[in-house]
Amino acid sequence: MFVLCIFKRYQDTPIVKANNRGLSYALLITLMLCFLSPFTFFGHPTQITCMIRQNMFGIIFAISISTVLAKTITVIIAFNVRDPRSRSARWLGTRVPSAVLLLCSFVPILICTVWLLLEPPYPEKTQMGDITILQCDEGSVLFFYLMLGYLGLLASVSFVVAFYARNLPQSFNEAQLLTFSMLVFLAVWISFIPAYLSTQGKYLVAVEIFAILSSATGVLGCIFFPKCYIILCKPHINTKKYLIKSTNQL
């Protein structure tokens, strides 16, 4: 929320306007929802919380990564279009990222809908000696790992595309920031899978909450903290004059 307020306050500056300002707002909003999603894991498991917590997490993260991919494609389009004032450039600059965001976000919504219709998660009791563990059974393990696999595939594609665009000679090119954010995201979730399979009970929930918070923090920090540093600490760089000067030097 603090970063979003900074971006709204300085929305007309070059560093905020670069690489699609609307996608930046969308990514910040979905990241806020990512930080709020662990609250569905707290407390006594109920039918509703068991049904929404994994699906909410999967859909929100899919939208976040889709936004990162759309921002990366925006960088590539902005560099490769020769005349940014042409009609085709304006069409590509708005339609393609929006189409990528909608298409990539539709897949997890479809997966979660089928999951809830066929074999939804439900609360269960597990007896371990004298201890009774109340937890959520994921219902269909296939759909759970299908959702995680799609998130991994989407993050890998975003990482590869951002890695390709990282050296494009453009002022305020955020492709390097997007590359690092996807690298952190993949590192967290690759380490999550063996940890998830080797834990039980409340520690299982703690592992997933830690993965959600750490990956969301990594994406937020890698993409937006360097920009906030320039906005707040180096405002002389965040000017149109500096942008033109840097572009001429490149």
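The values are calculated or read from the model by the stated rules, or taken from the named source; none is laboratory data. The shown structure was predicted, so the numbers you read here are calculated from the model rather than taken from an experiment. Positions of Cβ are backbone-derived with ideal geometry, glycine not excepted, and every protein chain shown enters the neighbour counts. Only protein heavy atoms, including side chains, enter the accessible area calculation; ligands, DNA and RNA are left aside. Shrake-Rupley method; radii C 1.70, N 1.55, O 1.52, S 1.80 Å.
Out of Glu138, Glu119, Glu124, one residue alone is at pLDDT below 85 and acidic (Asp, Glu). It is Glu138. Set side by side, the residues Ala162, Ala216 differ, and just one is open to solvent by less than 40 Å² (accessible area, probe 1.4 Å), among the aliphatic types (A, V, I, L, M) and modelled with pLDDT of 90 or more, which is Ala216. When we screen Ala206, Ala187, Ala211 for residues that are open to solvent by 30 Å² or more (accessible area, probe 1.4 Å) and closer than 22 Å to Phe41 by Cα, the only hit is Ala206. Identify, by number, the condition in (1) open to solvent by 20 Å² or more (accessible area, probe 1.4 Å); (2) at pLDDT 90 or above; (3) closer than 23 Å to Thr239 by Cα that Ile6 doesn't meet. Ile6 satisfies every listed condition except (1).
Which residues, counting only those in the range 231-242, are closer than 18 Å to Tyr25 by Cβ and in a helix (DSSP H, G or I)? The answer is Ile231, and nothing else.
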